[in-house]
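The values are calculated or read from the model by the stated rules, or taken from the named source; none is laboratory data. Values in this document were obtained by computation on a predicted structure and should not be read as measured data. With ideal geometry, Cβ positions are generated from the backbone for all residues, glycine too; neighbour counts draw on all protein chains shown. SASA here: full protein model, heavy atoms, side chains in, ligands and nucleic acids out. Shrake-Rupley method; radii C 1.70, N 1.55, O 1.52, S 1.80 Å.
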Amino acid sequence: MNLAVLQYYPEFGEKEANLLKVEKMLSKAAFDLVVLPELFATGYLFTSKHEVKKLSEEILEGPTVQMFSNFCRGKKVYACFGILEREGDRFYNSSLLVGPQGIMGHYRKLHLFYEEKKWFTPGNFPLSVTEINGIRVGMMICFDWRFPEAARTLALMGADLILHPSNLVLPHCPDAMITRALENRVFCATSNRIGTEKRGGKSLTYIGQSQIVDPDGKILVRLSGREEKVAVAAIDYKKAHQKKINFYNDLFLDRRENFYKVQNHLPLKLKKR
Ligand code: ACM
């Protein structure tokens, strides 16, 4: 399978132009499955709920799914991308997996980062794994990397490949995803955006470094922090079926689940915002 990650600089609020730009970039590339950034069509640094509402779309009605349904049907390929989802009066930071037959997977970000908590409802779907052409894929979004439970759950559910649309602003994630790949022996594909957004007196710079990592923790591709590009790596997904790391050790069979229960701990004083 040829796996791709798309990295680019979206213009905040310019959904139509962003969709056109992405479609153009994708039409020039050869791949079977591509991952795009989190909220790739809208931008990220919102300043009001009104803005979030204006840029949101209902999954089945909006132009983003329309564009990808047509693209994937025409090219017989698969795409995973972040989307600002509206359902009633709620907004979710979501990702979709679309293929030639339409929508195949739908995930809502479980671990919201920073001011996302002002705009979005936390995800309420269980993590899930979908099979495409024999390869089992699961989705998580950006800051989910900081919760190893997300990648672990997907891996224990049988994922060979974790699709990871992102808008990374902190420096640690690209290297942390090597660990997520190693500890689960799965492929991980992180697609990040680049550029700086300055809005409402705030500024965020996105670090790029979109990458594909294999189950040995080897970086198959990693882009720079500046380039707009579709990077492709050929992967043999069966490599992720092998959880044995030497004659004596198997990452999954050696787990001591009975000892992982949280018990007799000193209670932490957790305060919910
Ligand atoms: C992030 O979760 N967008 C940092």
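A few comments on the model shown:
- Val230 contributes about 30 Å² of solvent-accessible surface, heavy atoms of the protein only, 1.4 Å probe.
- Heavy-atom accessible area ranking, 1.4 Å probe, most first, across Thr205, Thr130, Thr64: Thr205, Thr130, Thr64
- Fully extended contour minus Cα-Cα distance, from Thr205 to Leu266, at 0.36 nm per residue: 18.1 nm
- FRET efficiency for Glu87 and Lys244, using Cβ-Cβ distance with R0 set to 35 Å, rounded to 0.05: 0.25
- Directionally averaged shadow of the chain, computed from the convex hull of its alpha-carbon atoms, nm²: 15.4 nm²
- Whole-Hz Karplus values for the stretch 199-210 come out as 8, x, x, 10, 9, 10, 10, 9, 8, x, 6, 4 Hz, taken residue by residue from phi with 6.51 cos²θ - 1.76 cosθ + 1.60 and θ = phi - 60°; glycine and proline positions read x.
- Across Lys53/Lys198; Lys118/Lys269; Lys49/Lys75; Lys109/Lys243; Lys118/Lys229; Lys15/Lys118, pairs whose alpha-carbon gap is larger than 29 Å: Lys49/Lys75; Lys118/Lys229
- Angstrom value of the Kirkwood radius, inverse mean 1/r, which spans all Cα pairs in the stretch 195-246: 13.8 Å
- Amide proton proximity set for Tyr78, modelled H, under 5 Å, gap of 5+: Leu33, Val34
- Cα gyration tensor shape of the stretch 120-195, rounded if a/c is under 1.5, else prolate or oblate by comparing a/b with b/c: prolate
- Packing rank of 19-27, 163-171, 151-159, where each peptide gets the mean count of other beta carbons within 10 Å, highest leading: 163-171, 151-159, 19-27
- In loop segments of the stretch 185-273 as defined by DSSP, the GluC sites (Glu not before Pro) with at most 14 further C-beta atoms inside 10 Å of their C-beta are Glu227.
- Set of aspartates and glutamates with alpha-carbon distance to Lys76 below 15 Å, sequence-local pairs under 8 removed: Glu23, Asp32
- Estimated [θ] at 222 nm from DSSP helical runs (n ≥ 4, -39500 (n - 2.57)) normalised by residues in the chain, nearest 500: -6000 deg cm²/dmol
- Here r is the Cβ-Cβ distance between Ile59 and Glu257 and R0 is 35 Å; the resulting FRET efficiency, rounded to 0.05, is 0.50.
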